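> One structure is given below, represented as structure tokens, and several questions about it will come after.
The values are calculated or read from the model by the stated rules, or taken from the named source; none is laboratory data. Remember, it's a predicted structure, so these values are computed and weren't measured experimentally. Cβ coordinates were reconstructed from backbone atoms using ideal geometry, including for glycine residues, and neighbour counts include every protein chain displayed.
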Amino acid sequence: MSERPRWFQTTAIDYPNSRPHIGTAFEKLGADVQARYRRMEGYDVFFLMGNDENTVKVSKRAAELGKPVQEYCDEMARQFREVWDALDISYTEFVQTSEPRHHACAQAFIQKVHDAGYIRKSSYEGWYCEGCEAFKTEKELVAGKCPLHENLTAVRRSEPCYFFELSKFQDWLLAFYEANPDFIRPESRRNEIITLIKNEGLQDVNITRRGEDWGVRVPFDPEFTVYVWFDALLTYITGIGYGADDAEFRKWWPADVHFIGKDITRFHCALWPAMLHAAGLTPPKQVFGHGFVYKKNEETGALERLSKTLGNVVDPMDIVTKFSCDAFRYYFLRECPFPSDGEFGWARFAEVFNSDLANNLGNLYSRLVTLVSKNFAGTLAGTAGRSAPAIEGYDPVAAVATVRGHVEACRYHQALETIWRQVLDPANKFADSRAPWKLVKTDMPAAGEVLFGMLEPLRAACILLKPFLPRSAQTIYASFNFAKPWDEVTYQDAASPAKFADDLKVLAALDAGKVKPLFPRIG
Ligand SMILES: [Zn+2]
């Protein structure tokens, strides 16, 4: 028996000092499409997410609210998971860094690196950004401020600490990037990191804090806690049992991909592989640095970075409750290129929703279901055992190959564009030119053939859309008597025409002569 290939992917973990916004959600969404696609393609998938709780920001926020930190973290984790569930993010496991299993994992790991001789005690003095919770070099500051936190002035700090000797890994890292050209994706980020390391070199990293109550205790010197960055990266191995369940850990490690924001590429592409190498572990196969979502200011048209301090944060739940989970997913996956940047604005949201979902996909579906139900009593007689007629401009084999290539490279916006331009548009054009709603009055067999023809690309589209719009795709598929169960469809099924054991039937119920619209028009 051949074993299923395994796929282990993670997202960045989030600071729970405020609720997730659409930018945070964008990352989880991109990761979710990949996880769902891999499952369809037969992979055994582990999709890890979590919250980054061992940070001063979080304990400060809890103190402001007068809550015990643990209680605050648990409540926020519940709120985060509620949002991820509402967006249909299909994660396998969620790690809170305050959990005992994570403390145990982080301590086992840091002890291992210490034993290997890569941690030394010293003291550190420098400029510290409280927003990033990180020391900054002079070069990184602009007029005394971190460019990511222009509302905060960097403060001078000095403290005894332990250093991780990152500088010792510089040559090893450059050789590793050379030998693993796909390690950093997209390509532009890879070039950034290599240039940065070649020009500036790598300095040893302070990995501890002294005198904090909250956080993971350093096992060889309990006066110290582990600095949030060193500890956060370790959730990726906590979730799969490092230090607790060796067989499980060996099954999943190394990760196939870490999805992260482009602002934290350095931590993941330099610090993380060096940490792993120091502990005798293999680095992950890939780090994917996705772009950011900016908010379009509806009055000025200017693009703004989403930030709590600017007060322009959009809660994903506002969109999901007003429209739907799939409407949310479609907008961000189609309009915001995952590898680069995108923007959100309510006017554009309505425009995209109406043109692509309501008028295109939704309309094709409702026309087909309604015409077959009303004019053929729900059954296209004579379709059993044969393939649908071909449609001009529709080449399923080519379309599926293109979509697959885009999905695997996380170019989700191009995958969706291909589904619309190469699958749905030809079906709608075919419908418009043959007008089966007129044919039913003059030539029923011809009308039946046109409807049968329209169905084939609709079926292919909903299979290709399964990782993107899981609910709507399933609703479409379940509206017909396709032989293959929904749980078993693969992308290959979209490339080959369906054969029907029985005559094609519409299973969706009509309400007052109409099918329930998948995407009711906005406005
Ligand atoms: Zn900062």
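> Only one of (1) surrounded by 15 or more Cβ atoms within 10 Å (Cβ to Cβ); (2) in a helix (DSSP H, G or I); (3) hydroxyl-bearing (Ser, Thr, Tyr) is not met by Thr195, so which one is it?
The one condition Thr195 does not meet is (1).
> Scan Gly280, Gly311 and give me the residue that is surrounded by fewer than 19 Cβ atoms within 10 Å (Cβ to Cβ), at pLDDT 95 or above, at positive phi and not in a helix (DSSP H, G or I). Reasoning before the result, please.
Details: Gly311 fails: at pLDDT 95 or above.
Being surrounded by fewer than 19 Cβ atoms within 10 Å (Cβ to Cβ), at pLDDT 95 or above, at positive phi and not in a helix (DSSP H, G or I) holds for just one of Gly280, Gly311, which is Gly280.
> Tell me, which helices (runs of 4 or more DSSP H) wholly within region 420-521 include 2 or more residues that are within 35 Å of the chain's Cα centre (by Cα)?
425-434, 444-464, 470-477, 491-495
> When you scan region 119-161, how many residues do you find that are under 17 Å from Phe267 (Cβ atoms), hydroxyl-bearing (Ser, Thr, Tyr) and either more than 12 Å from the ligand (Cβ to nearest atom) or not in a strand (DSSP E or B) (or both)?
1
> I've got another one for you. Got a sec? Which of Tyr91, Tyr118, Tyr128 is farther than 25 Å from Ala62 by Cβ and of a type outside the set (A, V, I, L, M, F, W, C)? Quick ask: steps written out before the conclusion?
On the way: Tyr91 fails: farther than 25 Å from Ala62 by Cβ; Tyr128 fails: farther than 25 Å from Ala62 by Cβ.
Only one candidate passes the filter, namely Tyr118.
> Output the qualifying pairs, or none if there are none: Cβ atoms under 9 angstrom, residues six or more apart or on different chains, first residue in region 504-520 and touching a residue at least 40 places away in the same chain (Cβ under 8 Å), second residue β-branched (Val, Ile, Thr) and part of a loop (DSSP other than H, G, I, E, B).
Hits for this filter: Leu504/Thr383.
> Which members of region 89-118 meet the condition of being touching a residue at least 40 places away in the same chain (Cβ under 8 Å), in a helix (DSSP H, G or I) and either within 16 Å of the ligand (Cβ to nearest atom) or not β-branched (Val, Ile, Thr) (or both)?
Of everything in region 89-118, those that are touching a residue at least 40 places away in the same chain (Cβ under 8 Å), in a helix (DSSP H, G or I) and either within 16 Å of the ligand (Cβ to nearest atom) or not β-branched (Val, Ile, Thr) (or both) turn out to be Arg101, His102, His103, Ala104, Cys105, Ala106, Gln107, Ala108, Phe109, Gln111, Lys112, His114.
To keep it simple, each residue is scored yes or no on (1) crowded, with 16+ Cβ neighbours inside 10 Å; (2) of a type in the set (Phe, Trp, Tyr); (3) not in a helix (DSSP H, G or I).
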position	(1), (2), (3)
Leu357	yes, no, no
Gly362	yes, no, no
Gly382	no, no, yes
Pro389	no, no, yes
Ala398	no, no, no
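> Consider Arg38 carefully, then state whether it is in contact (Cβ under 8 Å) with a residue 24 or more places away in the chain, among the basic types (Lys, Arg), in contact with a strand residue (DSSP E or B) (Cβ under 8 Å, 6 or more places away or on another chain) and surrounded by fewer than 15 Cβ atoms within 10 Å (Cβ to Cβ). Working first, answer last.
Details: in contact (Cβ under 8 Å) with a residue 24 or more places away in the chain: yes; among the basic types (Lys, Arg): yes; in contact with a strand residue (DSSP E or B) (Cβ under 8 Å, 6 or more places away or on another chain): yes; surrounded by fewer than 15 Cβ atoms within 10 Å (Cβ to Cβ): no.
Considered against the rule, which asks whether it is in contact (Cβ under 8 Å) with a residue 24 or more places away in the chain, among the basic types (Lys, Arg), in contact with a strand residue (DSSP E or B) (Cβ under 8 Å, 6 or more places away or on another chain) and surrounded by fewer than 15 Cβ atoms within 10 Å (Cβ to Cβ), Arg38 comes out as no.
> Please indicate, with yes or no, whether at least one residue in region 318-327 is of a type outside the set (Phe, Trp, Tyr) and in contact with an Asp or Glu (Cβ under 7 Å, 6 or more places away or on another chain).
Our first condition is that a residue be of a type outside the set (Phe, Trp, Tyr); within region 318-327, this holds for 318-322, 324-327.
Next, only the ones that are in contact with an Asp or Glu (Cβ under 7 Å, 6 or more places away or on another chain) stay: 325.
So far as region 318-327 goes, yes, one or more of its residues are of a type outside the set (Phe, Trp, Tyr) and in contact with an Asp or Glu (Cβ under 7 Å, 6 or more places away or on another chain).
> Within region 138-163, how many residues turn out to be of a type in the set (S, T, N, Q) and free of Cβ contacts under 8 Å to residues at least 24 places away in the same chain? It would help to see each step written out before you state the result.
Narrowing region 138-163 to residues of a type in the set (S, T, N, Q): 151, 153, 158.
Add one more test, that the residue is free of Cβ contacts under 8 Å to residues at least 24 places away in the same chain, and what stays is 153.
So the answer is 1.
> Could you list, in sequence order, the residues of region 204-220 that are surrounded by 13 or more Cβ atoms within 10 Å (Cβ to Cβ) and assigned to a loop (DSSP other than H, G, I, E, B)? Quick ask: steps written out before the conclusion?
Filtering region 204-220 down to residues surrounded by 13 or more Cβ atoms within 10 Å (Cβ to Cβ) leaves 204-210, 212, 214-220.
If the condition is that a residue be surrounded by 13 or more Cβ atoms within 10 Å (Cβ to Cβ) and assigned to a loop (DSSP other than H, G, I, E, B), then Asp204, Ile207, Glu212, Trp214, Gly215, Val216, Val218, Pro219, Phe220 are the ones that fit.
> Could I ask something else about it? I'd like to check something: does region 480-491 contain any residue that is touching a strand residue (DSSP E or B) at 6+ places or on another chain (Cβ under 8 Å), farther than 15 Å from Tyr37 by Cβ and small (Gly, Ala, Ser)?
Taking region 480-491 first, the residues touching a strand residue (DSSP E or B) at 6+ places or on another chain (Cβ under 8 Å) are 480-481.
After this cut, where a residue has to be farther than 15 Å from Tyr37 by Cβ as well, the list is 480-481.
Subset that is small (Gly, Ala, Ser): none.
Within region 480-491, not a single residue is touching a strand residue (DSSP E or B) at 6+ places or on another chain (Cβ under 8 Å), farther than 15 Å from Tyr37 by Cβ and small (Gly, Ala, Ser).
> Kindly indicate the residue of region 425-445 that is of a type in the set (A, V, I, L, M, F, W, C) and farther than 20 Å from Asp502 by Cα and also surrounded by the most Cβ atoms within 10 Å (Cβ to Cβ) among those meeting that condition. Show your work before the answer.
The initial filter retains those residues of region 425-445 that are of a type in the set (A, V, I, L, M, F, W, C), namely 427, 430-431, 435, 437, 439-440, 444.
Applying the additional criterion that residues be farther than 20 Å from Asp502 by Cα yields 427, 430-431, 435, 437, 439-440.
On the way: Ala427: 25, Phe430: 22, Ala431: 21, Ala435: 11, Trp437: 16, Leu439: 19, Val440: 18.
My answer is Ala427.
> Looking at (1) more than 21 Å from the chain's Cα centre (by Cα); (2) closer than 22 Å to Val45 by Cα; (3) in a loop (DSSP other than H, G, I, E, B), which is the one condition that is false for Glu299?
Failing condition for Glu299: (2).
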